[in-house]
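Asker: Would you mind keeping the following structure in view while I ask a few things?
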Amino acid sequence: MNAIEFRNVHLNLGGRDILAGITLDITPGKFIGVLGPNGAGKTTLLRAVVGLLPPSRGSICIFGQLAACGHPGIGYMPQVRSSAAGMHLSGWDFVACVLHGHRLGIPFPGKMGRAEIDRALDLVGARELSRRPLAEISGGERQRLLLAQALVGRPRLLLLDEPLINLDPRHQHGVVDLAKSLQTELGITVLFSAHELNPLLGALDQVLYLGRGQAALGTVDEVITTPVLSRLYGSEIDVVRLKGRIFVMSGNYDMEHDEHRHDDVSASE
């Protein structure tokens, strides 16, 4: 059984198709990088998988069931909101918020709930961190707490939407390494959305690259090529490999140079 199946999927926002006619299969236990330029539909795709945006045409199945809000097999980490830093909560209480609906209503009352929160915190190495006030926690540390939230309920599919935004390279590598170790240790499927390929290179099993309403799924060597990316960008693209890094170029312009920019989730991205 596939972790995710798209069958002729059209995702529409504001009267236009963001993704059009997508058919693909993602097998269980893979680490998938979801990539593409701003506006290509990375956030839109993840919101559709979690059941927040029904397809206008076609179908999405998660472990053999039609995608719908409240699927117990999905953990979702949306794009970070700056308002989280102003909450008058400890890190532990912040993660525990999911017991009251953020994690789609999974019931873990009393002692069972506390044990589940501690388990999720231990998985991301944040038990000590969770004792501190949220307002005193850095952006990179907050990502660990958000990841712990997504792990409450023991999901089989983990969706991470742009978790590297506004992080320095050291913290970026820490988040990628942690997500990869969780995927390996727990045997789960991870969809990791990012604007730039290079921070993910050591972790990827496959790439899901989006552009101009279309998608390409495969290994880095299969997808990150001049013909495939030229089709997805709609212009001539050169793929340059240099010292273990990959650059996606249009003329002299690095198409991924703007990796920390992101759009509001209400936009097409």
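The values are calculated or read from the model by the stated rules, or taken from the named source; none is laboratory data. Not measured: the values here are computed from a predicted model. Cβ atoms come from the backbone with ideal geometry, glycine included; neighbour counts cover every protein chain shown. Each accessible area value is taken on the protein alone, full model and side chains, heavy atoms only, with ligands, DNA and RNA left out. Shrake-Rupley method; radii C 1.70, N 1.55, O 1.52, S 1.80 Å.
Asker: Which far-off residues, 5 or more places away or on another chain, put their amide H under 5 Å from the one on Gly29, with H placed in the peptide plane?
Answerer: Placed amide hydrogens put Thr189 under 5 Å from Gly29.
Asker: Once you place label points 7 Å from the Cα toward the Cβ at Asp25 and Arg245, how far apart are they in nm?
Answerer: Roughly 3.8 nm, to one decimal.
Asker: Turning to a different aspect of this structure: Please sort 36-47, 160-171 by packing, taking for each peptide the average over its residues of neighbouring beta carbons within 10 angstrom, highest first.
Answerer: Packing proxy ranking, top to bottom: 36-47, 160-171.
Asker: Can you pull the Kirkwood radius for the range 1-64, inverse mean 1/r over Cα pairs, to one decimal in Å?
Answerer: Kirkwood radius, the range 1-64: 12.1 Å.
Asker: Could you order His195, His88 by accessible surface area, starting with the largest, using a probe radius of 1.4 Å?
Answerer: If we order His195, His88 from most to least accessible, we get His88, His195.
Asker: Using a cut-off of 21 Å between alpha-carbon atoms, which lysines can reach Lys180, once sequence neighbours fewer than 8 places away in the same chain are excluded?
Answerer: List returned: Lys30, Lys42.
Asker: For the range 122-167, state which GluC sites (Glu not before Pro) are in a DSSP loop and have at most 10 other beta carbons lying within 10 Å of their beta carbon.
Answerer: Those that pass, being in a loop and sparsely packed, are Glu128.
Asker: Working out 0.36 nm times the residue gap between Arg132 and Thr225, then minus their Cα-Cα distance, what length gain in nm do you get to one decimal?
Answerer: Length gained between Arg132 and Thr225: 28.9 nm.
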